Amino acid sequence: MHSELVAQTLSHRFGHEIVDGLASSGVRRFEFAVAWARLAGVLHIEEPLKRMLEDGGSVRGTIGVDLGATSHEALEALLRLGEAGDAKFWIYHDESASSIFHPKLYLIERSDTVQIVAGSNNLTQAALFTNTEVSLSVAVATDHPLAITTRAVIAAWRDDARVSRELSSAFLLSLKAERYVRTEMEIAADRASDTQRLRGNNRGKRVPLFGTLGEKAPRAVATPHASPAARSSRSRVSKPTRSVAPSSEGDVLLIRVRRASETGRRTQVQIPQKVLDSPFFRGARAMKSLASGVSHPIRIARSRGSVNTRKIEIPEIDRVSDPILRVVHSGTELVYRVFDALSADGAVLHDRLLSGLKTGKTGTTMPAAPGRATLWRVI
């Protein structure tokens, strides 16, 4: 058994964890049960699900519609997955005002192992990437009692005819007509109205008492849907075996940096050229501190006439014992926060880097001595 705490946004991006799991080789079934689903959340996992379905896999999902938080468009997108293969979905709702459907449970099944993820993440873009969420991911053998129980629990939710009905195009029309689900535009408008009401007070605009982490979600892109004729023309015999690399290029970089000197240049760090050449940096020439708002240029460092690394001043690390940077790509700039690997939150980031050494997802400048090396991982 292998287990991991998926702590978003600190050390993980839940959406990347799910997409990587679905895109890995040997996946034959994906099951989930969530309280709410929104279109962007579905689009983030749509492509790996379509590939799995086209390879003969299956998908089973149960979605709640309480509080009007699941959108009509999200359910439409899930229904379209049925065009690619064996995908079926159920809507769960208890008419009692004292009960709502509130689980967040995911199961990714391979031929010999099952990955079970249970926690707080719904199938929405915010829950997949930008909310502060936590889940526990456990990998066990397919015949392990935990795997058997998890499958049984998910099946029980969809099999209870009193509160669960299979989703179809006709039933979706009824859900919309009876206002069990709303459109994305209607949900967004209601949320904006609620926010305006809650932020107002007798003196006008509320004075903020908190800051922001500035988390951004990657863009969710709808994939084109092939016509039935195009799908039927595909030959499963001639289709090449799929080999999918994990989506390691995310939009958050964890990097344990090394100082240029422990005495004279304690705030100058070097960033390996291979890190800067990765798609994450996208030619960026500076990083901005989340704490101060100041941008610091990334300068060239030469050795014997050639560029071998880059250097940058990070003033916040002067009093930090073992500095780790968490760098977020906002789309227009890189914004960093400094953590100490010896602190509680820094230890979570450090463990994430070390675990990546075992799976090949963490890079290092010194494979034989990672304790003294620069370590980096994109999540």
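The values are calculated or read from the model by the stated rules, or taken from the named source; none is laboratory data. The shown structure was predicted, so the numbers you read here are calculated from the model rather than taken from an experiment. Note that each Cβ is placed from the backbone with ideal geometry, even for glycine, and that neighbours are counted across all protein chains shown.
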Check on L172, over 21 Å from the mean Cα position of the chain (by Cα) and assigned to a helix (DSSP H, G or I) = yes
Within the stretch 199-206, is there a residue that is at pLDDT below 95 and of a type in the set (S, T, N, Q)?
-> yes
Can V59 be described as touching a strand residue (DSSP E or B) at 6+ places or on another chain (Cβ under 7 Å), free of Cβ contacts under 8 Å to residues at least 40 places away in the same chain and assigned by TED's automatic domain parsing to the domain that holds A141?
-> yes
What residue, among those in the stretch 342-379 that are more than 23 Å from S261 (Cα to Cα) and among the hydroxyl-bearing types (S, T, Y), is surrounded by the most Cβ atoms within 10 Å (Cβ to Cβ)?
-> T362
Of the residues in the stretch 87-101 that are in a strand (DSSP E or B) and either outside the structural domain of M52 (by TED's automatic domain parsing) or in contact (Cβ under 8 Å) with a residue 60 or more places away in the chain (or both), the one that is farthest from V59 (Cα to Cα) is Y92
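Table: residues versus (1) in contact with a Lys or Arg (Cβ under 9 Å, 6 or more places away or on another chain); (2) at pLDDT 95 or above.
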{"site": "L123", "(1), (2)": "yes, yes"}
{"site": "V134", "(1), (2)": "no, yes"}
{"site": "A152", "(1), (2)": "no, yes"}
{"site": "V163", "(1), (2)": "no, yes"}
{"site": "L167", "(1), (2)": "yes, yes"}
{"site": "A170", "(1), (2)": "no, yes"}
{"site": "A177", "(1), (2)": "no, yes"}
{"site": "A188", "(1), (2)": "no, no"}
{"site": "R191", "(1), (2)": "no, no"}
Out of the residues in the stretch 137-159 that are surrounded by 13 or more Cβ atoms within 10 Å (Cβ to Cβ) and outside any helix (DSSP H, G or I), which is farthest from the chain's Cα centre (by Cα)?
-> H144
Residues of the stretch 1-33 being in a helix (DSSP H, G or I) and either aliphatic (A, V, I, L, M) or closer than 11 Å to P48 by Cα (or both), which ones?
-> I18, V19, D20, G21, L22, A23
Looking at (1) of a type outside the set (S, T, Y); (2) touching a residue at least 40 places away in the same chain (Cβ under 8 Å); (3) out of contact with any helix residue (DSSP H, G or I) (no Cβ under 8 Å at 6 or more places or on another chain), find the lone condition where L43 falls short.
-> (3)
Scan V294, V237 and give me the residue that is modelled with pLDDT of 80 or more, exposed (fewer than 12 other Cβ atoms within 10 Å of the Cβ), over 22 Å from D345 (Cα atoms) and not basic (K, R).
-> V294
Do we have S295 as more than 15 Å from I255 (Cβ to Cβ) and of a type in the set (S, T, Y) here?
-> yes
Within the stretch 182-193, identify whether any single residue is among the small types (G, A, S), within 25 Å of the chain's Cα centre (by Cα), more than 16 Å from L79 (Cα to Cα) and surrounded by 18 or more Cβ atoms within 10 Å (Cβ to Cβ), and answer yes or no.
-> no
Meets criteria (in contact with a Ser or Thr (Cβ under 9 Å, 6 or more places away or on another chain), in a helix (DSSP H, G or I) and free of Cβ contacts under 8 Å to residues at least 60 places away in the same chain) for A192 | no
